[in-house]
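Asks: This is the structure I want to talk about, given as structure tokens.
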Amino acid sequence: MTTVAFDGKTLASDTLSCWGTTPSYRTKIWNTPKNKKWKAIGISGNTYNVLPIADYICGRTTKKPEQFETDGMLMLVDKYNKLWMMNGQQVPVEAPVPFAMGSGGDFALGAMAAGKTAAEAVAIAATLDVNTGGKIDEIKIA
């Protein structure tokens with residue numbers, strides 16, 4: 001589980017990842033300099049299922065993966081700073097801004113509605129959601 005948030009200026013996420021009850025830490029958001037359509041992406045859910053499409057979008061592989069299981073989501077920021085969501089069907093759907101996803105997404109969305117930045121919202125979610133934690137990564141979107 002995780003929390004990924006976008007406030008229109010910054011994409012932010014926690015780094016906590018769990019294998020059952022064993023915590024580990026990993027990056028869940030990336031810039032996509034090799035991609036002409038997307039500026040940045042974030043992932044939530046089962047990383048085993050969503051990392052192949054994230055790797056493809058980031059240009060780390062040239063092999064486009066098949067559909068992935070629906071227990072994962074991608075948050076994508078396009079070159080116009082619009083936000084899109086993608087599930088296993090790999091069909092992007094435009095999303096409102098601010099937006100947050102993952103187990104702490106509702107907490108983060110509430111924090112952004114109260115005026116907090118995406119990074120501040122993820123930090124607040126981490127105090128309320130046991131599946132959100134670790135260092136907070138953020139990408140400033142120009």
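Asks: First select every other residue whose beta carbon is under 12 angstrom from the beta carbon of A123; then total the charges, Lys and Arg +1, Asp and Glu -1.
Replies: Local net charge: -3.
Asks: Continuing with the same structure: Would you be so kind as to identify which of S103, W38, A126 lies farthest towards the positive end of the dipole of the chain, taking Lys and Arg as +1 and Asp and Glu as -1 on Cβ and the Cα centre as origin?
Replies: Value: W38.
Asks: Hey, what did the range 1-47 get for relative contact order, percent, Cα under 8 Å, at least 6 apart?
Replies: Value for the range 1-47: 34 percent.
Asks: Take the alpha-carbon positions of the chain, form their convex hull, and give its projected area averaged over all directions (one quarter of the hull surface) in nm².
Replies: Its average projected convex-hull area is 7.7 nm².
Asks: Loop only by DSSP, 16 or fewer other Cβ within 10 Å of the Cβ. Give me the GluC sites (Glu not before Pro) in the range 1-104 that pass, ordered by residue number.
Replies: Answer by residue number: E66, E69.
Asks: Could I ask something else about it? Which of the pairs K28/K79; K9/K140; K9/K34; K79/K116; K28/K116 have their Cα atoms more than 18 Å apart in this structure?
Replies: K28/K79; K9/K34; K79/K116; K28/K116
Asks: Can you give the helix-only mean residue ellipticity at 222 nm for the chain, where every DSSP H stretch with n ≥ 4 adds -39500 (n - 2.57) and the sum goes over all residues, rounded to the nearest 500 deg cm²/dmol?
Replies: After summing the helix terms and dividing by the residues of the chain, the value is -7000 deg cm²/dmol.
Asks: Taking the Cα centre as origin and putting +1 on Lys and Arg beta-carbons and -1 on Asp and Glu beta-carbons, what dipole magnitude results for the range 1-136, to the nearest 20 debye?
Replies: 700 debye
Asks: If you don't mind, another one. Over the chain, what is the relative contact order in whole percent, taking alpha-carbon pairs under 8 Å and six or more residues apart?
Replies: Relative CO of the chain lands at 34 percent.
Read-outs: derived from the displayed coordinates by stated rules, not from any lab. The model shown is predicted, which means the values in this text are computed figures rather than measured ones. Cβ coordinates were reconstructed from backbone atoms using ideal geometry, including for glycine residues, and neighbour counts include every protein chain displayed.
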